[in-house]
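Please read the structure below before turning to the comments.
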Amino acid sequence: MSIEVKTLTVAEAAALLAAGKVTAAQLCRAYLDRVQTVDGSVKAFLKCDAERIMAAAEAADQRRAAGTPRSPYDGIPVGIKDCIVTAGETCSCASKILAPVVSPYDATVVARLKAAGFIPMGRLNMDEFAMGSSTENSAYQRTANPWDITRVPGGSSGGSAAAVAAGEVAVALGSDTGGSIRQPAAFCGVVGVKPTYGRVSRYGLVAFASSLDQIGPLAHTVEDAAIILDTIGGHDPRDCTSLPEPDCGGLAAAVAAARNGDLKGVKIGLPEEYFASESSAGVKAGVEAAIAVMKELGAEFVSVSLPHTKYAVATYYIIATAEASTNLARFDGIRYGARDQEAQDLTEVYFKTRGHGFGDEVKRRIILGTYVLSSGYYDAFYLRAQKVRTLIRRDFEAAFRQCDLLLTPVTPTTAFRFGEKKDPLQMYLADIYTIALNLSGNCGISIPAALEADSGMPVGIQLIGPALAEKQLFAVAARFEQARKEQVFTPAL
Amino acid sequence: MAEYEVVIGLEVHVQIKTRSKMFCSCANVFGAEPNTMVCPVCMGYPGVMPTPNHEAIRKTIMAGLMCDCDIPSYSKFDRKSYFYPDMPKNYQISQYDLPLCLRGRIHISGKGFSGEELPDKYIGLTRIHLEEDVAKLNHLGRTSGVDFNRAGVPLMECVSEPDMRSADEAYAYLTALKQIMQYGGISDCDMEKGQMRCDVNISLRPFGQKEFGTKIELKNLNSFRAVHRAVNYEIARQSELLDAGEKLRQETRGWNDDRGETYLMRTKEQAHDYRYFPEPDLMPITLDLKRVDEYRRQLPELPEAMRRRFVADYGLTPYDAQVLTMEKALAEYYDCGAKLTKSPKTLANWIISDLLCELSASGQTISACPVTPEHLAAMIDMIDAGAINNRIAKTVFAEMASSGKPPRQIVAEKGLAQVSDEGAVIPLVEQAIAANAPQVQQYREGNEKVVQYFVGQVMKLSRGKANPQLVIKLLKERLDG
């Protein structure tokens, strides 16, 4: 039996598996076939080990046949961004410097997915070391937006977003340091979640900026995102920045409960700073339509202010690059990775290995980060940025005293074309609506809201919640998802 | 040569004795096959994160309390960046501006290494911070090997104030610091295993000048003796330069122990910019007073306090007390025996003159010594009670050291009990007098020293067992009579 997986959700797949209408092997085979069919043009996968996936699927089928499935999701594949390690598989972060490195261990999120029977599927393309907003910074390949293959899928989790949008996998993990899940989700018309900092263990996520990074799901639906976050969230003793005992389950249940309700009594803030600026007409129209839908459902809208928003990009690029400059220092070819064979002495090992191994954007950020931490500059840059970070967090705290959630655009524009943003600074500004959240630590979700009239490209909205308010965030997102005008976000591909 | 005031500060690294490493669960052991005590965390693999070792944090705080440090309620880890193959991440997790322990002091006094008397003073301890050790580089001809077994071992850095004024003071400070670490069970401080490593900052200035002179940092000092020698070498070298009117440069110098001289490693211009910033993968350490007080209650008695107690309670000289507290095991040995005997001072003499010689001759440690403190105390009491004399005691002691038997058993088995029975001694005394007529003559002519000769003769006849006091008494009665 063959099964159409292009729009299949995790929840639907689980129902089919439970009913015996499909086996895990059939399901995985269908996804692998889909990859075969479309990935030649999408290029979301850096690697996809069919044998390994099929072996895992057969094991899942045996467990189910024996009446001992690990969970309702036993046998469902999950795409993995190439910066999250899976034991026995390469993890290159789309960089040449890590090309030959096979991970000796599972990331906590991967271990938790496996414990629930999910099957890690492939290595998804990304901007090198998650630095970028278009996935054009991958050292290996250019991932296309499934809606229009002349456009970027966004980034840095572009491979994850494109793979889900193209139906090559139902759900994927990404990582979000400044919008790297939410922005590509918006560009590709899928749901993407940046959980509260500390909700999901970072152990096994190759660090870009440790105080900002957070792993999250990209999915067709809010419900699927909830299922994955329920599975991967919760305290991990291996990550001391993971929150001690967050209330981490129950998101899928909250989504189910919200299905047929309204939004009466929900107060949603519209930060003026996010609406004053340079969003395109298509994005504005999409966001306004979403507001209208939510008003109809009974939500109350208030205007709020996040006065330090204008400093967010600068603050972010100081803190993120400072942390990155040290996080990426370990890639030197000494213990693992591609050591330059021409090097004659130790200094040359460092210079040539790193000089040849890293791409331009990564080098740019390492140099920036090294500079801002240098003696004499630390106070003016890093220390000051940390102070501004506190102010930005207080902005959110103050806003959440006036409302339950915030609603903003995800990106100023819909997906742009390859090569369109040549100036790095222009690329950095693609993140203006998403990065403040990484600085403040609270949670956000990007949901497809509309299709842009002239381009036909998806437009997303971002809902932002206070720290650990994912239940309410998901409930409102799910309610909106069901009520939005545009119901189907499936590219023609 | 003009006279300069020497200013010395020490930075001492001490590995902490813990079961596992600082940020992972690998074993903290010395001497394993290279790269067998490693994991993705201590090898700096992509994606790993550190998990702090709470035992190492506790022991650092204990060390700080033993050195009279303040324990701040808030402390944090920082990243210290530099590239070197011994660094798995090319940054070291260390502590920059908020270390675990601040403002301590260490007391020095007594006789210095050179034999001269030390001033009785406190050396300030600026701070103790906690960090991870780096890997060990082994240079193999044209290539180098890196052993990551040591990478991630918990390491304390103890930074002193520039309070030392001579090589002797530096040596005494190191000895005292080592003692404290050993007493507290913080570290074995075995320098040969790299468990204790020392850098010296030294500068000279004309007496009376307030400003410090140019600081020279000395590295590669593998023993306390090397520190002593290197400091004296530098005093001479720098004095000579200053005398010649030269200006010193701030620099780092290494110590060549074979040649007995220092050599230039790098100048200030080549110094690293470590780009410290707070470690984002670890939470700050917050300590409430209750926890610190709990640690304070767990503190062992320190060598300094033990020395004072030994002098006050056991009537020892400060020198005896210093020797007996050199090592914790020895001090505990003595303390245990001293509590059992009425003559603790005699016990101290026996330990210092006999037991320590025996140990160094046999290469044994005090804890493995067959002579238990209970047995040695019992032997002292037998001497006091007149059951054996001092000469026999030497024989008994030798037997205790070889067989580990209790002294009473040895005396009984070998028939070594002192003979204090007049009836048994008188015939021997008379025999000695009869056989030595010329000496009797000398005695009677007023040479009282001859008595000792007769005592020796009688002891010989008794095979050492006669009670010497009794022998003298009987001899005098007969010689005078």
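The values are calculated or read from the model by the stated rules, or taken from the named source; none is laboratory data. The structure presented is a predicted model; accordingly, all values stated were derived computationally and were not measured. For neighbour counting, all protein chains shown are included, and Cβ atoms are generated from backbone atoms with ideal geometry for every residue, glycine included. The protein model used for the area step is the full one, side chains on, heavy atoms only, and it has no ligands, DNA or RNA in it. Shrake-Rupley method; radii C 1.70, N 1.55, O 1.52, S 1.80 Å.
General observations
- Test: B:D273 is open to solvent by less than 70 Å² (accessible area, probe 1.4 Å), at pLDDT below 95 and outside the structural domain of B:C336 (by TED's automatic domain parsing): yes
- Of the listed requirements (1) surrounded by 17 or more Cβ atoms within 10 Å (Cβ to Cβ); (2) at pLDDT below 85, B:I351 misses just one: (2).
- Matching residues in the range A:1-48 - criterion: being in a helix (DSSP H, G or I), touching a Pro at 6+ places or on another chain (Cβ under 8 Å) and closer than 14 Å to A:E168 by Cα: A:L27, A:C28, A:Y31, A:V38, A:V42
- So A:T413, is it polar (S, T, N, Q) and either touching a Phe, Trp or Tyr at 6+ places or on another chain (Cβ under 6 Å) or farther than 23 Å from A:A226 by Cα (or both): yes
- The set of residues in the range A:400-433 that are surrounded by fewer than 22 Cβ atoms within 10 Å (Cβ to Cβ) and assigned to a helix (DSSP H, G or I) comprises A:P424, A:L425, A:Q426, A:M427, A:Y428, A:L429.
- Within the range B:207-223, being out of contact with any strand residue (DSSP E or B) (no Cβ under 6 Å at 6 or more places or on another chain) and either open to solvent by 50 Å² or more (accessible area, probe 1.4 Å) or at pLDDT 95 or above (or both) holds for B:G208, B:Q209, B:K210, B:E211, B:N222.
- Within the range A:325-358, being among the aliphatic types (A, V, I, L, M), open to solvent by 20 Å² or more (accessible area, probe 1.4 Å) and closer than 22 Å to A:A94 by Cβ holds for A:I334, A:A338.
- One residue from A:G369, A:G376 being on the phi > 0 side of the Ramachandran plot and either touching a residue at least 40 places away in the same chain (Cβ under 8 Å) or surrounded by fewer than 22 Cβ atoms within 10 Å (Cβ to Cβ) (or both): A:G376
- Subset of the range A:65-96 that is part of a strand (DSSP E or B) and more than 14 Å from every other protein chain (Cβ to nearest Cβ) - its residue that is farthest from A:G159 (Cα to Cα): A:P77
- Of the strands (runs of 3 or more DSSP E) lying entirely inside the range B:116-190, those containing at least 2 residues that are more than 14 Å from chain A (Cβ to nearest Cβ) and either in contact with a helix residue (DSSP H, G or I) (Cβ under 9 Å, 6 or more places away or on another chain) or open to solvent by 20 Å² or more (accessible area, probe 1.4 Å) (or both) are B:121-132, B:136-140, B:154-160.
- Where a residue in the range A:139-168 is among the aromatic types (F, W, Y) and its partner, wherever it lies, is assigned to a loop (DSSP other than H, G, I, E, B), with Cβ under 6 Å and at least six apart: A:Y140/A:A94; A:W147/A:M457; A:W147/A:P491
- B:D313 open to solvent by less than 60 Å² (accessible area, probe 1.4 Å) and out of contact with any Lys or Arg (no Cβ under 6 Å at 6 or more places or on another chain): no
- Of everything listed in (1) modelled with pLDDT under 90; (2) not in a helix (DSSP H, G or I), the single unmet condition for B:L340 is (1).
- First in the range A:215-235 and part of a strand (DSSP E or B), second anywhere and surrounded by fewer than 24 Cβ atoms within 10 Å (Cβ to Cβ), Cβ under 8 Å, 6 or more apart: A:A219/A:T9; A:G233/A:P246; A:G233/A:C248; A:G233/A:G249
- If the condition is being surrounded by fewer than 18 Cβ atoms within 10 Å (Cβ to Cβ), out of contact with any strand residue (DSSP E or B) (no Cβ under 8 Å at 6 or more places or on another chain) and more than 14 Å from chain B (Cβ to nearest Cβ), then the range A:237-264 contributes A:E245, A:D247, A:G250, A:A253, A:A256, A:A257, A:R259, A:N260, A:G261, A:D262, A:K264.
Okay, residues lined up against (1) more than 14 Å from chain B (Cβ to nearest Cβ); (2) within 17 Å of A:T490 (Cβ to Cβ); (3) more than 13 Å from the chain's Cα centre (by Cα):
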site: A:P195; (1), (2), (3): yes, no, no
site: A:F208; (1), (2), (3): no, no, yes
site: A:I215; (1), (2), (3): no, no, no
site: A:L218; (1), (2), (3): yes, yes, no
site: A:E223; (1), (2), (3): yes, yes, yes
site: A:H235; (1), (2), (3): no, no, yes
